[in-house]
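Asker: Mind having a look at this structure? Questions to follow.
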Amino acid sequence: MTTGDDIKAAGDELTAILVRMRRGVAFTGAGISTESGIPDFRSPGGLWTRNRPIDFATFLSDRAMRDEAWRRRFAMEDAFAGARPGRGHRALAHLLGEGRLAGIVTQNIDGLHQASGVRDDRLVELHGNTTYAACLECGERYELAWVRQRFETHGGRAPDCLDCGGPIKTATISFGQPMPAEAMARARALTQACDVFLALGSSLVVWPAAGFPVEAKRRGATLVIVNREPTEIDDIADLVIHADIGDVLGRAAASAGTM
């Protein structure tokens, strides 16, 4: 992790980049939400060290795993219902408001960007949204309160669609599930037009989304990576900061606004 004078120098360089940024894109992963009390996935103590992810094919084929998926969903809701946007979320909302950012592309499903004031038309959710559910067969939408009521009154059994009997799943993207075409197209358009690409709190190992910073750099954008741990593409970035996102980005965004 970058420390001391290195962080200050890197922060000053980030401020300079934000000052000249005119159509930036922020790409956010789980690391931006750890300050809000939501653990990331791959770090020691992260969510995947306790529960391995349930892939899409298993969700479809194994009713017991559908039950388990909903049990996890409601356990996370209870644990993190009080989460509020952190300094990183607020800094990005500020940069959007100033017109320096064109949009935010996120791998997160926690809704904290929206809670910080980011409008839906400025946000691309690559991995979907966990605030509602839908039938995987007919697409019928279900509110989570209804799903939870059915789940709890039927002994922890995942409910099926009332219309067609298909499996009901949160509107999120699981491993093995096709990426949403519209979201990917919006993210690609933002990437191809940006002058600065800010990769924040992502391990940058989940493809195809991890290809966006590479494409931005190839097209001439300034690539900045802020993450507590090294990533596989640190060597191509113009600026790499291994530090807390809230500290670094919050201070740089505030400084950029005064210049």
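The values are calculated or read from the model by the stated rules, or taken from the named source; none is laboratory data. Just so it is clear, the structure is predicted and the values come from calculations on it, not from any experiment. Here the Cβ positions follow ideal geometry from the backbone for every residue, glycine too, while neighbour counts run over all protein chains shown.
Asker: Out of the residues in the stretch 102-115 that are buried (at least 20 other Cβ atoms within 10 Å of the Cβ) and among the polar types (S, T, N, Q), which is farthest from R157 (Cα to Cα)?
Answerer: T106
Asker: Confirm whether I168 is assigned to a strand (DSSP E or B), farther than 24 Å from G86 by Cα and at pLDDT 95 or above.
Answerer: So I168 passes the test.
Asker: Give R100, R157, R119 a once-over and let me know the one that is closer than 23 Å to D78 by Cα and among the basic types (K, R). Please lay out each step first, then the result.
Answerer: Working: R100 fails: closer than 23 Å to D78 by Cα; R119 fails: closer than 23 Å to D78 by Cα.
Going through R100, R157, R119 in turn, the sole match is R157.
Asker: Surrounded by 16 or more Cβ atoms within 10 Å (Cβ to Cβ) and charged (D, E, K, R): which single residue out of R218, R188 fits that description?
Answerer: Numbers: R218 fails: surrounded by 16 or more Cβ atoms within 10 Å (Cβ to Cβ).
Result of the check over R218, R188: R188.
Asker: Which helices (runs of 4 or more DSSP H) sit wholly inside the stretch 1-85 and have at least 3 residues that are modelled with pLDDT of 80 or more and of a type outside the set (F, W, Y)? Give the steps one after another, and end with the answer.
Answerer: On the way: elements: 4-20, 47-50, 56-61, 63-80.
Those helices (runs of 4 or more DSSP H) span 4-20, 56-61, 63-80.
Asker: Give the number of residues within the stretch 182-212 that are without any contact (Cβ under 8 Å) to a residue 60 or more places away in the chain and over 26 Å from P53 (Cβ atoms).
Answerer: Of the residues in the stretch 182-212, 2 are without any contact (Cβ under 8 Å) to a residue 60 or more places away in the chain and over 26 Å from P53 (Cβ atoms).
Asker: For the stretch 70-101, which positions are surrounded by fewer than 20 Cβ atoms within 10 Å (Cβ to Cβ) and aliphatic (A, V, I, L, M)?
Answerer: Selection gives A75, M76, A79, A81, A83.
Asker: Check the stretch 98-116 and report whether any residue there is on the phi > 0 side of the Ramachandran plot, outside the structural domain of L239 (by TED's automatic domain parsing) and modelled with pLDDT under 95.
Answerer: No, there is no match, as no residue in the stretch 98-116 is on the phi > 0 side of the Ramachandran plot, outside the structural domain of L239 (by TED's automatic domain parsing) and modelled with pLDDT under 95.
Asker: May I ask you to verify whether R186 is within 27 Å of A133 (Cβ to Cβ) and either in a helix (DSSP H, G or I) or in contact with a Pro (Cβ under 6 Å, 6 or more places away or on another chain) (or both)?
Answerer: Considered against the rule, which asks whether it is within 27 Å of A133 (Cβ to Cβ) and either in a helix (DSSP H, G or I) or in contact with a Pro (Cβ under 6 Å, 6 or more places away or on another chain) (or both), R186 comes out as yes.
Asker: Out of all the residues in the stretch 230-259, which are exposed (fewer than 15 other Cβ atoms within 10 Å of the Cβ), of a type in the set (V, I, T) and either part of a strand (DSSP E or B) or at pLDDT below 90 (or both)?
Answerer: Once the filter is applied, which keeps residues that are exposed (fewer than 15 other Cβ atoms within 10 Å of the Cβ), of a type in the set (V, I, T) and either part of a strand (DSSP E or B) or at pLDDT below 90 (or both), the stretch 230-259 yields only T258.
Asker: So which residues in the stretch 132-173 are under 23 Å from R122 (Cα atoms) and of a type outside the set (F, W, Y), if there are any at all?
Answerer: Looking only at the stretch 132-173, we keep the residues that are under 23 Å from R122 (Cα atoms), and these are 132-133, 170-173.
Selection gives A133, T170, A171, T172, I173.
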